[in-house]
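Have a look at the structure below before the remarks.
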């Protein structure tokens, strides 16, 4: 790395002036190789080496960090959450009611007597009510996802069939490395699919291209 390039990098990091290189080497605790008149690249901090988090690289390469989540997975998650929260909330309220009425006092003494511990009753009662309400909301959300399962399966089948019957190996008539071909082919296929299936989620299209890519181009 020559000194001019280093000065440019250092200026971007807030170090300026005629002695920018010397000052920066001292401030950044990097090593200067006097024999070769350059900076030891291994001593540079991560921000100067060009190291970025995996999420950033993925977002730059793919254009987005979002990923498609199957409706069936959302449905199962919503259903399990609804069941757990609703049961916990209703059971808690039932136990509180039985304890406050004195029915459970014959078997177990619980701190749900409003005359002795009103604050505790209000707090716990409020928590169980919140759990119940959220659980009921997830019941409706699960029903909503359940109604979308048919369309998702239909989209899966139609797009998969289209990919297997309409995509040819020479869809991108150029040569290049496997990585270059992958990105160029995927972009062309995605563009065609989004024109063909305008009402389908873009993330689903990307997922199905990835899922079927190897099978299509390994024939």
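The values are calculated or read from the model by the stated rules, or taken from the named source; none is laboratory data. Note that the coordinates shown come from a computational prediction; the quantities given were computed from them, not determined experimentally. When we count neighbours, we look across all protein chains shown, and the Cβ atoms used for this are built from the backbone with ideal geometry, even at glycine.
Residue-wise test of (1) surrounded by fewer than 12 Cβ atoms within 10 Å (Cβ to Cβ); (2) under 24 Å from the mean Cα position of the chain (by Cα); (3) modelled with pLDDT under 90; (4) part of a helix (DSSP H, G or I).
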residue	(1), (2), (3), (4)
142	no, yes, no, yes
149	no, yes, no, yes
153	no, yes, no, yes
170	yes, no, yes, yes
180	no, no, yes, yes
191	yes, yes, no, yes
204	no, yes, no, yes
208	no, yes, no, yes
219	yes, no, yes, no
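Right, residue 176: without any contact (Cβ under 8 Å) to a residue 60 or more places away in the chain and under 22 Å from residue 76 (Cβ atoms) or not? No.
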